[in-house]
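The values are calculated or read from the model by the stated rules, or taken from the named source; none is laboratory data. It should be emphasised that the depicted structure is a prediction, and the values quoted were computed from it without experimental measurement. Here the Cβ positions follow ideal geometry from the backbone for every residue, glycine too, while neighbour counts run over all protein chains shown. For the accessible areas, the whole protein counts, side chains as well, though only heavy atoms, and no ligand, DNA or RNA atoms are used. Shrake-Rupley method; radii C 1.70, N 1.55, O 1.52, S 1.80 Å.
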Amino acid sequence: MRGAIPDWDLVVVGAGPAGSTAAIAALRADPSARVLVLDAADFPRDKVCGDGVAPHAMDVLAALGVGVAELAAGTTPVTTLRLLSPMGMQTRRSFARPACVIPRVLLDARLVHAARNAGAVIERHRVRTLSRQDGTVLVDGAVRARTVIGADGAESVVRRQCGAGAAPAGTIAVALRGYTSADPWPVGEQRLVMAAAHWPAYAWVFPVGDGTANVGYGELSRTTPTRAELTTRLHDLLPDLPALPLRGHRLPLSPGRPGVAHGRVLLAGDAASLINPLTGEGIYYAVLSGALAGAAAVTPDPARSYRRSLRHKLGRHLRHTDVLARLTRRPWLVDIATAAARDDRRTFDRLVEIGLGAGTLDVPLTTAMIAAAARHRNVP
Ligand SMILES: Cc1cc2nc3c(=O)[nH]c(=O)nc-3n(C[C@H](O)[C@H](O)[C@H](O)COP(=O)(O)OP(=O)(O)OC[C@H]3O[C@@H](n4cnc5c(N)ncnc54)[C@H](O)[C@@H]3O)c2cc1C
C-alpha cells in the first residue's frame, strides 16, 4: 500500500459483489464521497461459487445504474429449473423471470470495473486489523476512514475485528464446485439434485451458456466432511459426471448472522452471514446488503440507517427462512414442497422467491403446502 494515505469517507474491505456494490451505492448517494476499496486479490480472480445469479440481484444493480447486459455478456439466460427432491419427487418448470449463470471470474471483475467507473479507488491490500480512534476507524494502523464496510467474505477479518463473533455451530455449509462440458444437460436449465443422505445436501448443474456448466455439491453438516467425501457424494448424485478439478469453500448461512452494524463498521454479504439457508444463494443478498450499507455509509448515522434499511428489505424474509431452515431439516417437507411446486405454477414461483429473493411463507403458500401434504400422503 502507498505511504501517505489521505482520509477516506468510506473504506470497503473486499471487492466481491457486496463490496463493489457498496462502493457504487455510496458514490451514487454522494458523488463527492472519497471511497477506497481494498481487496487481497487482483481482478479478474476466481471465487468458488455456483455462479447462479438471481434476477433480483440484477434488479438491485440496474437500479444503481450498472449495465446488467454487460455483466451477463457471453452467457445465456437460464429459463427453467429441474428439481429432484430427497425422496425422488421431480418437478421441472420455467422461472417467472430468467436467471443467469455468470462465472465469478467475469462477474466480479465487471463489478469492480463498474465501481472504478463510479469513482471508487481500488487497491490490492489484505486487511488485518481495525482500530477505533477519535471517532474514525483506522485500517491496519495506516488508513483512516469515517466508515468501514466489511465485505470480505466468509472468513471475514472485519467481522472478527469488530467483535461481531463467529458464526454459531451448525450454520456453516461446505461446498465444492468445478466446470465441465455442458453437453449432457439441456441448455438453459438449472438442475438441483437433493440428497436424502447427509441431508441437507444437494448437487447442482448450472449451464453457463458457453458450452460449459458449473457443477458442484454442498451440504450442511456438524462434522467437517473431507474433500474426498464431498467429491464422492457429488459423483453419486451426478453419476455421468467425469472426474474434474474441484475447489471448495464455506458458506455462512443466514441463521448464523451477527449484528450488521458495529459503531462505524458495517458488515455486508458473506461477512454478515447473508446466505440463504435453503438454497445457498448469496449473491442477491450480497449486492442488496452492499447497496444498503454503501448508501447508509454516507449518512450522518450509518449504523442506524443500515440496520433500518436492511430490516425493511430483508427482515421478514430472514425470519421466515430461519424457521424454514429448521423445518426443512425433515427432508419429507422438501418432498412436499417439490410436489406442491409441480402441482401449481404459483406455488413454484413463491418457493423460488423464498429461495432466490426476499419471499416469505405467506398464507397462499402455507395453504398450498398443506393441500400438497394432504394430496401426497404417501410421502414418508
Ligand atoms: C460452492 C459455492 C457455491 C455457491 N453458489 C452460489 C450461487 O450459485 N448463487 C449465489 O447467489 N450464491 C452462491 N454462493 C454464495 C456466494 O458465492 C456468496 O454469497 C457471495 O460470493 C458473497 O459475496 P461477497 O461479496 O459477500 O463475498 P466474496 O464474493 O467472497 O468476496 C469477498 C472479497 O473479499 C476479499 N477479501 C477477503 N479477505 C480480505 C481481507 N482480509 N482484506 C481484503 N480483501 C479481502 C476476497 O479476495 C474477495 O474478493 C455459493 C457459495 C459457494 C461456496
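Please sort 185-194, 163-172, 72-81 by packing, taking for each peptide the average over its residues of neighbouring beta carbons within 10 angstrom, highest first. Before the final figure, lay out the partial values.
On the way: 185-194: 18.7, 163-172: 15.0, 72-81: 16.6.
With the highest mean Cβ count within 10 Å placed first, the list reads 185-194, 72-81, 163-172.
With respect to the chain, whose longest principal axis is taken over its alpha-carbon atoms, helix 331-343 is tilted by about 80°. Once the Cα atoms are used to define both axes, helix 283-297 deviates from the longest principal axis of the chain by about 30 degrees.
Along each principal axis, taking the top coordinate minus the bottom one, the Cα set of segment 327-375 gives 26, 23, 18 Å in descending order. Rounded to the nearest 0.05, what FRET efficiency do Leu327 and Glu70 give with R0 = 45 Å and r taken as the Cβ-Cβ distance? Could you check? E between Leu327 and Glu70, to the nearest 0.05, is 0.65. Residue order by solvent-accessible surface for Phe348, Phe43 is Phe43, Phe348, largest first, with ligands and nucleic acids left out and a 1.4 Å probe.
Using the Cα centre as the reference, give the magnitude of the dipole from point charges on the C-beta atoms of the chain (Lys, Arg: +1; Asp, Glu: -1; all else neutral), rounded to the nearest 20 debye.
Working: 45 positive and 32 negative charges, 184 e Å.
Using Cβ point charges on Lys, Arg, Asp and Glu, the chain gives about 880 debye.
As a calculated quantity, the FRET efficiency between Thr136 and Arg45 at R0 = 41 Å, using C-beta atoms, amounts to about 0.90.
What's the extension gain from Ala196 to Arg92 if we count 0.36 nm per residue and subtract their Cα-Cα distance?
On the way: separation 104, 0.36 × 104 = 37.44 nm, distance 1.94 nm.
Going from the current span to full extension adds 35.5 nm.
Segment 303-372 and segment 49-68 have their alpha-carbon centroids 21 Å apart. With a 1.4 Å probe and every protein chain kept in, tell me what percent of the accessible surface of segment 327-375 is carbon plus sulfur. Answer for segment 327-375 is 65 percent, counting heavy atoms of protein chains only.
How large is the Kirkwood hydrodynamic radius of the chain, counting all unique pairs of alpha carbons, in Å?
On the way: mean 1/r = 0.0474 Å⁻¹.
Taking every pair of different Cα atoms in the chain, averaging 1/r and inverting gives 21.1 Å.
Across the options Leu107, Thr76, Gly170, the greatest Cα extent toward the positive end of the charge dipole of the chain (unit charges at beta carbon of Lys, Arg, Asp, Glu) belongs to Gly170. With helices as the sole contributors, the chain gives -11000 deg cm²/dmol at 222 nm; each DSSP H run of n ≥ 4 counts as -39500 (n - 2.57), and the sum is divided by every residue. When the surface is traced with a 1.4 Å probe over the full set of protein chains, Tyr285 keeps roughly 0 Å² accessible. Neighbours of Val66 by Cβ distance under 14 Å: Lys/Arg scored +1, Asp/Glu scored -1, total 0.
Carbon and sulfur: what percent of segment 46-113's accessible surface (1.4 Å probe)?
Details: 1550 of 2550 Å².
Carbon and sulfur: 61 percent of the exposed surface of segment 46-113.
Cβ neighbours within 10 Å, averaged per peptide: list 205-214, 52-61 in order, most packed at the top. Could the numbers behind the result be given before it?
On the way: 205-214: 20.2, 52-61: 23.0.
So the peptides 205-214, 52-61, ranked by packing, come out 52-61, 205-214.
Note that segment 56-207 shows a convex hull volume over its alpha carbon atoms of 168 Å³ per residue. Model label points for Ser181 and His235, set 7 angstrom from Cα along the Cα-to-Cβ axis, are 1.8 nm apart. Every Cα-Cα pair of segment 129-169 was included, and the share exceeding 16 Å stands at 36 percent.
Applying a 10 Å radius around every beta-carbon, put 85-95, 335-345 in order of their mean neighbour count, most first. If you can, show how the numbers build up before the last one.
Numbers: 85-95: 17.5, 335-345: 21.4.
Going by the mean number of other Cβ atoms within 10 Å, highest first, we get 335-345, 85-95.
Give me the angle, in degrees from 0 to 90, between the Cα long axis of helix 345-356 and the longest principal axis of the Cα atoms of the chain, rounded to the nearest 10. Value to nearest ten degrees: 40.
Measuring with a 1.4 Å probe in the full set of protein chains, what accessible area per residue, in whole Å², belongs to the chain? Walk me through the intermediate numbers first.
On the way: 15950 Å² over 380 residues.
Per residue, the chain has 42 Å² of solvent-accessible surface.
Each residue of segment 51-56 was assigned a 3J(HN,Hα) from its phi angle through the Karplus expression (A = 6.51, B = -1.76, C = 1.60, θ = phi - 60°), giving 6, x, 10, 5, x, 4 Hz with x at Gly and Pro.
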